[in-house]
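Here the structure comes first, spelled out in structure tokens, and everything after it is commentary.
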Amino acid sequence: MKQILVISGKGGTGKTTIAGALADLASREKRIVLADADVDAANLELLLEPEKQETFSFRAGKTAVINEDMCIQCGRCEEVCRFEAVEMKEDGTYFINESMCEGCLSCVHQCPVDSIDVVERKSGEWYRSITPYGTLFHALLYPGEENSGNLVTQIKTDAKKFADNNQADLLLIDGPPGIGCPVTAACQGVDSVIIVSEPTVSGYHDMERVKQVTDYFHIPSFLILNKYDLNPEIREKIIEFSNITDTPLIGEIPYDERIMHAQAEGKPVTQTLDGTLLRYFYEIWSETKKHI
């Protein structure tokens with residue numbers, strides 16, 4: 001089984017549009033499993049019509065909880081909490097607002113009767129869903145929560161195990177943007193990476209940075225240039241970058257509002273486009289197959 005990761009150096013390049021199109025085209029020929037590793041802003045599910053089969057809790061970080069039976073209502077926890085997470089109920093007892101608690105545990109160390117416990121915080125959920133294109137593993141990281149890299153690892157681990165158990169041909173992963181911890185977690189163990197870029201100054205710069213990440217992990221990487229006709233000068237720079245760094249350019253997609261309108265249908269664009277525009281995505285899948 002091969003693992004392909006689709007990433008971008010920045011958001012808004014069309015990464016999920018391409019991942020959704022590849023999911024549709026690949027599923028017509030191969031047994032595939034899908035994973036949305038962009039846990040901070042999961043969007044692949046918007047295109048694949050998932051039906052949730054299982055829901056799991058994701059716990060990361062620590063939070064404090066007051067044991068009311070032991071608490072003497074001295075108020076020391078409220079005094080030392082810098083985040084105003086300790087609140088008082090109408091009956092005069094204290095409790096800790098989990099959404100405000102930052103896990104510094106000052107209250108735990110200052111409580112004179114050891115009435116405050118430390119527990120793991122529920123930071124999000126992850127799911128196994130059925131889609132028309134294959135089983136999808138995806139997640140929801142709650143707002144303001146950390147450890148997204150750990151959640152990415154969780155998603156990928158279970159997706160791979162499921163793919164292996166079901167003798168899938170391909171695990172297709174829609175990765176996060178940028179170069180941070182979630183991206184490095186998504187890169188672990190994959191066979192190849194597709195980098196989606198656009199011909200803008202920031203698009204070019206962020207493409208360079210994410211290429212450095214794939215080089216660090218010694219992962220073969222390929223380029224797709226979206227909206228290639230918006231800036232011919234930067235497009236030429238990207239083509240030059242592709243040649244110099246031995247990063248094959250496996251496809252270009254023009255800017256066309258019909259692609260945005262097609263995506264608004266809530267399906268992969270390959271389900272709703274026709275004509276010349278559809279051909280661009282077929283060519284990308286054809287080139288992708290050559291490299292996997």
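FYI, it's all coordinate maths here, none of it is from the lab. Bear in mind the structure is a predicted one, so any value in this text is a computation, not a measurement. Note that we place each Cβ from the backbone using ideal geometry, even for glycine, and neighbour counts take in every protein chain shown.
Translational diffusion of region 92-159 was estimated from the Stokes-Einstein equation, with Rh taken as the Kirkwood radius over Cα pairs; at 10 °C and 1.306 mPa s the coefficient is 107 µm²/s. Under the classification rounded if a/c is under 1.5, otherwise prolate if a/b is larger than b/c and oblate if not, where does region 223-292 fall, given a ≥ b ≥ c as square roots of the Cα gyration tensor eigenvalues? Oblate, since a/c reaches 1.5 and b/c is not below a/b.
One Cα centroid belongs to region 52-117, the other to region 208-267; the line between them spans 47 Å.
Note on the chain: Rg/Rh from Cα positions, Kirkwood definition for Rh, rounded to two decimals, is 1.10. What the Cα convex hull of region 61-122 gives, in volume per residue, is 78 Å³. Here the dipole of the chain is about 1000 debye; that uses its Cα centre as origin and unit charges on the Cβ of Lys and Arg (positive) and Asp and Glu (negative). Taking 32 Å as the limit for the C-alpha separation, the pairs Lys30/Lys227; Lys62/Lys267; Lys15/Lys237; Lys10/Lys289; Lys52/Lys89 exceed it in the case of Lys62/Lys267; Lys52/Lys89. Using the Cβ of Leu48 as centre and a radius below 15 Å, the other residues enclosed give a net charge of -3, where K and R count +1 and D and E count -1. For the chain, the antiparallel share of DSSP beta bridges with both residues in that region comes to about 45%. Considering region 94-219 at the alpha-carbon level, its Rg and Dmax are found to be 19.5, 62 Å. Each of the peptides 213-220, 37-44 was scored by the mean count of other Cβ atoms within 10 Å over its residues; in descending order, highest first, they stand as 37-44, 213-220. Counted by Cβ distance under 13 Å from Lys15, the other residues give a net charge of -3, where Lys and Arg count +1 and Asp and Glu count -1.
Taking +1 at the Cβ of each Lys and Arg and -1 at the Cβ of each Asp and Glu, which of Val108, Phe95, Gly61 sits farthest along the dipole of region 61-122 towards its positive end, judged by Cα position relative to the Cα centre? Comparing the listed Cα positions along the dipole, Gly61 ranks first. Its relative contact order, with pairs defined as Cα atoms under 8 Å and 6+ residues apart, puts the chain at 28 percent.
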